[in-house]
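Quick notes on the structure that follows.
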Amino acid sequence: MNLALKDARYHFFKFISSTIGVSLLLMVVFVLGGIIRGVILDSSTVVLATNADLWVVQKGWLGPFVEVSRLPKDYYHAIESMHGVAEASPLVMAWAHIDHPPASSGLMMFMYRNAKIGTATMVEPHWIDMVSELRFLLIGYEADHIGGPPMIVAGRGIEASHYEVVADVKTGLKVGEIIRMRGFDYKVVGLTKNIVGFNADPVIYARLVDAQNILFQPDPDLLRNIRRRTGGQLGGARAVAQRVEEPGMPKASALSENLHMINAIAVKVEPGVSMEEVATEIRHWKHLEVYTSARQVNMQLMGANRLIVMQLSLFRLLLLIIAGVIIGLITYTFTLDKIKDIAVLKLLGTQTSRIYSMIIQQAVLMGLLGTIMGAMMEFASEPYFPRRVSATLGDMGQMLVIITIISVLASLVAVRRAMQVDPRLVLGT
Amino acid sequence: MEQAIETKKLVMTYGKGRTKVEALKGIDLAVNKGELLAIMGPSGSGKTTLLMILGLVTAPTEGELILDGDNIYKRGKRDFQRLRREKIGFIFQFSNLIPFLTAEENITLPMDLIGTSGAKAHTRAVELLDYLEVTDRAGHLPEKLSGGERQRVAIARALANRPAMILADEPTASLDTDRGLSVMRMLRKVSSEQGTAILVVTHDERMIGEVDRVLQLVDGLVTSDESQSKAKSTATKEEPKSPGPVEPAGK
């Protein structure tokens, strides 16, 4: 006869309502876990989607997603010809924007308003206004090389040599939509899903040359201004050439050379060849910096997102402790309600361990049911979060173990109270 | 006749020095199997203390207690929980059934505690429910039972493990006269038919007609120990006028 289950059945509403309360708290714990995993996945998505083993950047620079490295494009030919290299792909990448409000649903607008109200006394109100530009990570890649969009969920990949892009669904762009960047129109021909930069900005893929144009092509008006100013001061083409040699003045010729620059080279190593050996060769002979993909992810995760992951983890731990305290208080209250029954059980000769087991079992049952319900609610709510939230069944399994331990510990106060119950309580009254 | 319980010079003292209170002052008592004994006396007479000692909840300061032929305190530390499970049944004033168990589960509980198999326990519970005429209430929770039905279920629970002795603490106090008498007749029937010794602590003189013996306790001493017929005639005369000494703390 399981006394814990019988009691829970008898106090069904009380037990279930308490369990729902615990499950809501545990749902938040799961959501935080999902947000943490989301941040970690966002930090690694682009790197892993590129399917490169090594990342080559300018000497002394960190990886291409962390610092802006510049390399001549033709370096990739030299690297590709090295022993052990299966493929080398020139890549261009940088954050850019277009004048296009981010996709907004009713829920998103509600969250904006909520954020605005919530921060009204903290910051300038207009800081929280809805933005009118769409920020994204633009990646340019060479046709038939690694570095392009991994999985197309709608439309197709880039086929033309110019003016086609593949965007992530998170941009809110649709297949067939035309977007204007640096004076040229680009057609969205396909969509990816969940391909974002480490800061969760969506990725837009373009051909290498298009990306170079978008990111490195100087503004024609700026060039005209420079020519006019330098020409007006000194007069004549020769004077212009002398003037632009002066430090601090941009060279018109140098600006056009930017179109032959890239940010990084993604390298695929031949099967069976040591990545470290290839990396050492490149470092030694080409005087470049080389990172493995794991190191690249590490830079993004522990460089850019380290503090947010640690902050959320601490908050998650605090919530777990609070959940434990709440389970303990509920179990204690349940036990107080049963003091007389416990006295009767003791008088009837019930084994002490059995009475304590009843209390612990109820706490554990509440914790386990709360965990399962909390996980289910978390899974159901994931799509409504603006950033990636990714909890798994594995998280639930891990939490079931943790919450069992927490519930046992939390119920010890109630057990202690039960230990103090004197069976004489029911005699002579 | 075989004795279910016997006490020899039971003394119970609370406190020390000036605060010392002698709740029992050398009680000698013997109850046979199948005998129904009423323990009566005013508040502070030591009834509850005696009940606690007989129920193995409290150990006496001095004296011997022989339960079902077993001298309890002579062999050092004993597992009183186990002895209570196996040898003693309890009936309380307010039945004190476990509220989250049905009538049948309440009866099965003591058997479950000593490891009786589910099928055997069920058979015994059905038998007891029938014996105490509450078969149709088997699946009901205590809150759905009347006061009299609750006490019958409590009697069935006390009988479940065929104990040597049943201790009943004011079993009729919360019932009206008819229901109280009905419960006492049921106890009468149980003691004579099942051969169980039943000790009833009561204030209720209306019930003494159903018992075999009446033990009068005043200030920790047995002032009379009479058979039912004699008790009836003297009970009213011996009713104490004063409330007696204050019950020690913790009683």
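The values are calculated or read from the model by the stated rules, or taken from the named source; none is laboratory data. Values in this document were obtained by computation on a predicted structure and should not be read as measured data. Here the Cβ positions follow ideal geometry from the backbone for every residue, glycine too, while neighbour counts run over all protein chains shown.
Within region B:108-118, restricting attention to residues that are part of a helix (DSSP H, G or I) and of a type in the set (A, V, I, L, M), the residue that is farthest from the other protein chains (Cβ to nearest Cβ) is B:111.
Please enumerate the residues belonging to region A:313-341 that are over 36 Å from the mean Cα position of the chain (by Cα) and assigned to a helix (DSSP H, G or I). Hits for region A:313-341 are A:331, A:332, A:333, A:334, A:335, A:336, A:337, A:339, A:340, A:341. Would you pick out the residues in region B:63-114 that are under 16 Å from residue B:153 (Cα atoms) and hydroxyl-bearing (Ser, Thr, Tyr)? B:95, B:102, B:108 - these are the residues of region B:63-114 that are under 16 Å from residue B:153 (Cα atoms) and hydroxyl-bearing (Ser, Thr, Tyr). Every listed requirement among (1) outside any loop (DSSP other than H, G, I, E, B); (2) buried (at least 21 other Cβ atoms within 10 Å of the Cβ); (3) modelled with pLDDT under 95 is met by residue A:198 save one, (1). Pairing residues of region A:67-95 that are more than 27 Å from residue A:196 (Cβ to Cβ) with residues that are outside any strand (DSSP E or B) and among the aromatic types (Phe, Trp, Tyr), at Cβ distances under 9 Å and at least 6 apart in sequence or on separate chains, gives A:78/A:285; A:82/A:285.
Of all residues in region B:131-150, those that are among the polar types (S, T, N, Q) have Cβ atoms under 7 Å from Cβ atoms of residues that are crowded, with 16+ Cβ neighbours inside 10 Å, 6 or more apart or on another chain, in B:135/B:129.
For region A:363-407, the set of residues classified as more than 27 Å from residue A:169 (Cα to Cα), out of contact with any helix residue (DSSP H, G or I) (no Cβ under 6 Å at 6 or more places or on another chain) and β-branched (Val, Ile, Thr) consists of A:372, A:401, A:402, A:405, listed by residue number.
For region B:167-218, what are the residues that are in a strand (DSSP E or B) and among the basic types (Lys, Arg)?
Matches in region B:167-218: B:213 only.
Residue-wise test of (1) crowded, with 23+ Cβ neighbours inside 10 Å; (2) within 14 Å of chain B (Cβ to nearest Cβ); (3) in a loop (DSSP other than H, G, I, E, B).
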{"position": "A:30", "(1), (2), (3)": "yes, no, no"}
{"position": "A:40", "(1), (2), (3)": "no, no, no"}
{"position": "A:48", "(1), (2), (3)": "no, no, no"}
{"position": "A:66", "(1), (2), (3)": "no, no, yes"}
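Summed over region B:33-66, residues that are over 22 Å from residue B:171 (Cα atoms), surrounded by 17 or more Cβ atoms within 10 Å (Cβ to Cβ) and touching a helix residue (DSSP H, G or I) at 6+ places or on another chain (Cβ under 8 Å) total 2.
The set of residues from region A:82-116 being crowded, with 18+ Cβ neighbours inside 10 Å, closer than 30 Å to residue A:284 by Cα and of a type in the set (A, V, I, L, M, F, W, C) comprises A:85, A:88, A:91, A:92, A:93. For region A:1-14, a residue qualifies if it is within 11 Å of another protein chain (Cβ to nearest Cβ) and assigned to a helix (DSSP H, G or I), and the qualifying residues are A:3, A:4, A:5, A:6, A:7, A:8, A:9, A:10, A:12. Restricting attention to region B:56-73, the residues that are out of contact with any Phe, Trp or Tyr (no Cβ under 7 Å at 6 or more places or on another chain) and either within 14 Å of another protein chain (Cβ to nearest Cβ) or in a loop (DSSP other than H, G, I, E, B) (or both) add up to 9. Within region B:92-106, can one find any residue that is farther than 18 Å from residue A:7 by Cβ and aliphatic (A, V, I, L, M)? No, region B:92-106 contains no residue that is farther than 18 Å from residue A:7 by Cβ and aliphatic (A, V, I, L, M). Among the residues making up region A:343-359, those that are surrounded by fewer than 23 Cβ atoms within 10 Å (Cβ to Cβ), more than 10 Å from chain B (Cβ to nearest Cβ) and touching a residue at least 24 places away in the same chain (Cβ under 8 Å) are A:355, A:356, A:357. Only one entry of B:205, B:238, B:226 meets the criterion of being modelled with pLDDT under 85 and in contact with a Lys or Arg (Cβ under 7 Å, 6 or more places away or on another chain), and that entry is B:226. Of all residues in region A:261-278, those that are at pLDDT 90 or above and either in contact with a Phe, Trp or Tyr (Cβ under 7 Å, 6 or more places away or on another chain) or under 30 Å from residue A:213 (Cα atoms) (or both) total 8. Residues in region A:384-429 that are away from chain B (no Cβ under 14 Å) and not in a helix (DSSP H, G or I): A:385, A:386, A:387, A:388, A:389, A:390, A:391, A:392, A:411. Consider region B:147-196 and keep the residues that are under 24 Å from residue B:2 (Cβ atoms) and among the polar types (S, T, N, Q). The one that is modelled with the lowest pLDDT is B:194. Within region A:142-163, does at least one residue satisfy the condition of being aromatic (Phe, Trp, Tyr), at pLDDT below 90 and surrounded by 13 or more Cβ atoms within 10 Å (Cβ to Cβ)? No, region A:142-163 contains no residue that is aromatic (Phe, Trp, Tyr), at pLDDT below 90 and surrounded by 13 or more Cβ atoms within 10 Å (Cβ to Cβ). Remark: residue B:34 matches the filter, which requires a residue to be assigned to a loop (DSSP other than H, G, I, E, B), over 29 Å from residue A:340 (Cα atoms) and in contact (Cβ under 8 Å) with a residue 12 or more places away in the chain. Residue-level analysis places residue B:90 among those that are under 23 Å from residue A:342 (Cβ atoms), buried (at least 22 other Cβ atoms within 10 Å of the Cβ) and among the aromatic types (Phe, Trp, Tyr). Only one residue in B:70, B:79 is within 15 Å of residue B:31 (Cβ to Cβ) and out of contact with any Ser or Thr (no Cβ under 9 Å at 6 or more places or on another chain). Which one? Unique residue meeting the criteria: B:70. Checking each residue in region B:74-91 for being at the interface with chain A (Cβ under 7 Å from one of its Cβ atoms) and charged (D, E, K, R) picks out B:82, B:84, B:85. Within the set A:380, A:391, the sole residue that is at negative phi and crowded, with 16+ Cβ neighbours inside 10 Å turns out to be A:391. Screening the candidates B:168, B:154, B:121 for the property of being touching a residue at least 12 places away in the same chain (Cβ under 8 Å), more than 25 Å from residue A:339 (Cα to Cα) and either facing chain A (nearest Cβ under 8 Å) or among the aliphatic types (A, V, I, L, M) (or both) yields one hit, B:121.
Looking only at residues in region B:92-107 that are outside any loop (DSSP other than H, G, I, E, B) and closer than 17 Å to residue A:358 by Cα, the one that is nearest to the other protein chains (Cβ to nearest Cβ) is B:105.
Residue B:135 falls short on exactly one of the conditions (1) in contact with a Leu (Cβ under 8 Å, 6 or more places away or on another chain); (2) within 28 Å of residue B:68 (Cβ to Cβ), and that condition is (2).
Residues checked against (1) in contact with a Ser or Thr (Cβ under 7 Å, 6 or more places away or on another chain); (2) more than 24 Å from residue A:349 (Cα to Cα); (3) buried (at least 23 other Cβ atoms within 10 Å of the Cβ):
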residue	(1), (2), (3)
B:97	no, no, yes
B:148	yes, yes, no
B:179	no, yes, no
B:188	no, yes, no
B:196	no, no, no
